[in-house]
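The values are calculated or read from the model by the stated rules, or taken from the named source; none is laboratory data. All values reported here derive from a predicted model rather than from experimental measurement. Positions of Cβ are generated from backbone atoms using ideal geometry, with glycine treated the same way; all protein chains shown enter the neighbour counts. The accessibility values were calculated without ligands, DNA or RNA, using every heavy atom of the protein model including side chains. Shrake-Rupley method; radii C 1.70, N 1.55, O 1.52, S 1.80 Å.
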Amino acid sequence: MGTVAAEATQRGAKVGVDPGSRPALSRWVRSSFVVLLCLLASPAWAHDFWIEPSAFSTDGPSSIDVRLKVGHHDDVKAVARKPDRILRFETVGPDGSRQPVLGEAEAEPAGRVQLMAPGFHSLVFESNHAYIELSADKFANYLEHEGLTQILALRDGSDGPGKESYARYCKSLVQIGEGSAGWERDLELPFEFIALRRPESRKLVFRLEFQDQPLADARVELLRLEDLTQSVSTQTNAKGVLRFKNLEAGRYMLAATHMVPAKAPVKGDWESFWATVSFERRISSDVKPSEAHQNEKVSRTWGRMMSTPPEVNHRL
């Protein structure tokens, strides 16, 4: 398939699209202009769940508060520690050493950890399954919104409720000092974003894996943690890879959802996997937008925001 790039104008500011991913991904430009607002309403059950440390980078050894957050757009809340939902909550150091993220039940922040070694530490949270049922219409809309068209096809217009078990797989990259080891670490989660370049590289490159295999054609959303109304969506290429070009300095999150038919002992008809990775870009790159090409689908959504905040059904 041919390469692609495109340009869009948002109130006088150009938005470049990287031709390296499929579809390519637009950048947030350095501009005082606000982003283009999408007038389409997001479903009430749309949400994300992620790790947000008190600092993504420090000058040296530090105590880091580890917050778990859930929500969508401007309806976001911190989640208290719930031991009965935790399968794995730890940090993996630059050398692969592990230590638990400690905390008390129902506490917020959900935990705290001392990070000592220079380099990139990976915070990781894995939940057990929770169960939810949605009406046929809501389930169909949710599947369409998350890009889970293969599940829509399998349901084939069923008017039965969507019976789903879901689990969370979250990671966050925290850099201590000027060390560079550890940014590429595979945490061996069932569903995971793996960095293929350091976050401050000119191009930001990740691979999305499901059960240790690249996941092609998966819908992925990139959001700014400083303002979750700023988001853009794209798809992984045939190798499960995403490439982001010309991103400003800031704090970001990638989010993706995957679903398969449930197998015993998982409850319900469907099993879904929710992956996020949060990270910080401390260095911006001054790169001109690529020239426009054709013959590629570009799926991008800038600043998906409702005029009235949605009522969010927070899955914990």
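May I ask you to list the GluC sites (Glu not before Pro) in region 195-258 that are in a DSSP loop and have at most 11 other Cβ atoms within 10 Å of their Cβ?
226
Looking only at region 224-251, which residues have a backbone nitrogen under 20 Å from a spot 7 Å from the Cα of residue 186 in the C-beta direction?
Correct set: 236-243.
Against the 2.2 N^0.38 Å scaling, with N counting residues, where does region 167-294 land? I'd like the Cα-based Rg ratio to two decimal places.
So region 167-294 has a normalised radius of gyration of 1.13.
Counting Lys and Arg as +1 and Asp and Glu as -1, each charge on the Cβ, what is the dipole of region 114-202 about the Cα centre in debye, to the nearest 20?
Dipole magnitude for region 114-202 comes out near 300 debye.
What percentage of the solvent-accessible surface of region 50-170, computed with a 1.4 Å probe over protein heavy atoms, is contributed by carbon and sulfur atoms?
The nonpolar share, carbon plus sulfur, comes to 47 percent.
What does a probe at residue 132 reach in region 154-190, counting residues whose amide N is under 13 Å from the point 7 Å along Cα→Cβ?
Label zone hits: 162-168.
Work out Dmax and Rg for region 143-187 from the C-alpha atoms and quote the Rg first, both in angstrom.
Every Cα atom of region 143-187 included, Rg and Dmax give 19.0, 56 Å.
Pairs to check: 69/267; 77/267; 138/267; 138/239; 69/203. Give those whose C-alpha atoms are more than 29 Å from each other in this structure.
138/239
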